[in-house]
1. Yes or no: the stretch 231-238 includes at least one residue that is touching an Asp or Glu at 6+ places or on another chain (Cβ under 9 Å) and buried (at least 18 other Cβ atoms within 10 Å of the Cβ).
2. Does VAL261 count as at negative phi and either touching a residue at least 60 places away in the same chain (Cβ under 8 Å) or not aliphatic (A, V, I, L, M) (or both)?
3. Would you confirm whether any residue within the stretch 142-165 is under 15 Å from PRO258 (Cα atoms), surrounded by 19 or more Cβ atoms within 10 Å (Cβ to Cβ) and modelled with pLDDT of 85 or more?
4. Within the stretch 125-132, does at least one residue satisfy the condition of being part of a helix (DSSP H, G or I), out of contact with any Pro (no Cβ under 9 Å at 6 or more places or on another chain) and either at pLDDT 75 or above or not assigned by TED's automatic domain parsing to the domain that holds MET259 (or both)?
5. Would you mind listing the helices (runs of 4 or more DSSP H) fully within the stretch 174-280 where at least 1 residues are modelled with pLDDT under 90, under 24 Å from LEU102 (Cβ atoms) and assigned by TED's automatic domain parsing to the domain that holds GLN151?
Amino acid sequence: MKPADNPTPRDAPHPAELSPHPAGEPETTPCWRCGKPAGAGFLSCAWCQAPLAFGAPAPTDRAGAPIAAFFPKLMAGFGLFIAISAGNIAIHSACHDATIRLACDTAAMALVGALTTWLCLVRPPIAGFPVPGLAWLAWVAAVPILAASIQANFMFHDYLKKILAVDAEDGLDLMPWQAAWLFILITIFPAIIEEIFFRHLVLDTFRREFDSWATGVWVSSIMFGMAHIGQPFALPYLIGVGFILALLRTASGTLLLPMLVHAFHNGIVVARALDGKLIP
């Protein structure tokens, strides 16, 4: 065979001739999170700041997936919250051993935390916030809102205990370390896990799908209340708290503010209930 019979690389078509991408324009690829064009070779998306360093193909659920693809997973997580809340009624009614109850609560928190983390990995793209200019106002208003919410909590539950003739004491003889762990378990972990699930996954998914921040706020608030079905008489109050936290999330544009408000709210309420048990 003559050398001329075997085409050399110079005889082969140039890659630019085979590429459908117009010459002179930067090559782009859809962002795995928001679906908008992101420049090839960039470390992060210019639209949503999603990391692009690895350049791996996006999983189906993370590349512009409609709610139909993510909704079953989201509802499975919501069902787990309800099941755990309802299960706590049976466990706390049947068992009066503080260590066993704390162990069950810890396992439940670890379970919903793991599921929430997994859902964050397969979430659909995040919609933009419609009111970024209200961020400073949300932070300023958070202090009086927190104070009013705590006062409303005390008044609401004191009224319930009065009309239902419920003893305010839990009946558990808690050791200092048990009281401290219970304080952390009810204050820190729910403020992180519940905010990520309800004010990020639920709120952003419904807001994006229906193109309405109000829909996301109301749906996430109702689901937040229903997830505490173990406290049925407190559902109206909890839906209201969920509504406030959702507004703070939407107005501030960050999960940090509702997380802080949630943690301080729970911390003050639990400290009141554990008065004298947190310190040896």
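1. Initially, the stretch 231-238 is screened for residues touching an Asp or Glu at 6+ places or on another chain (Cβ under 9 Å), giving none.
Checking the stretch 231-238: not a single residue is touching an Asp or Glu at 6+ places or on another chain (Cβ under 9 Å) and buried (at least 18 other Cβ atoms within 10 Å of the Cβ).
2. On the way: at negative phi: yes; either touching a residue at least 60 places away in the same chain (Cβ under 8 Å) or not aliphatic (A, V, I, L, M) (or both): yes.
Yes.
3. yes
4. The first filter runs over the stretch 125-132 and keeps only residues part of a helix (DSSP H, G or I), leaving 132.
So of that shortlist, the ones also out of contact with any Pro (no Cβ under 9 Å at 6 or more places or on another chain) come out as 132.
Narrowing the set further to residues that are either at pLDDT 75 or above or not assigned by TED's automatic domain parsing to the domain that holds MET259 (or both) leaves none.
Checking the stretch 125-132: not a single residue is part of a helix (DSSP H, G or I), out of contact with any Pro (no Cβ under 9 Å at 6 or more places or on another chain) and either at pLDDT 75 or above or not assigned by TED's automatic domain parsing to the domain that holds MET259 (or both).
5. Working: elements: 176-196, 203-210, 213-226, 235-252, 256-273.
Fully inside the stretch 174-280 and qualifying: 176-196, 256-273.
The values are calculated or read from the model by the stated rules, or taken from the named source; none is laboratory data. Since we're looking at a predicted model, the values are computed, not measured. Using ideal geometry, Cβ is built from the backbone for each residue, glycine included, and neighbour counts are taken over all protein chains shown.
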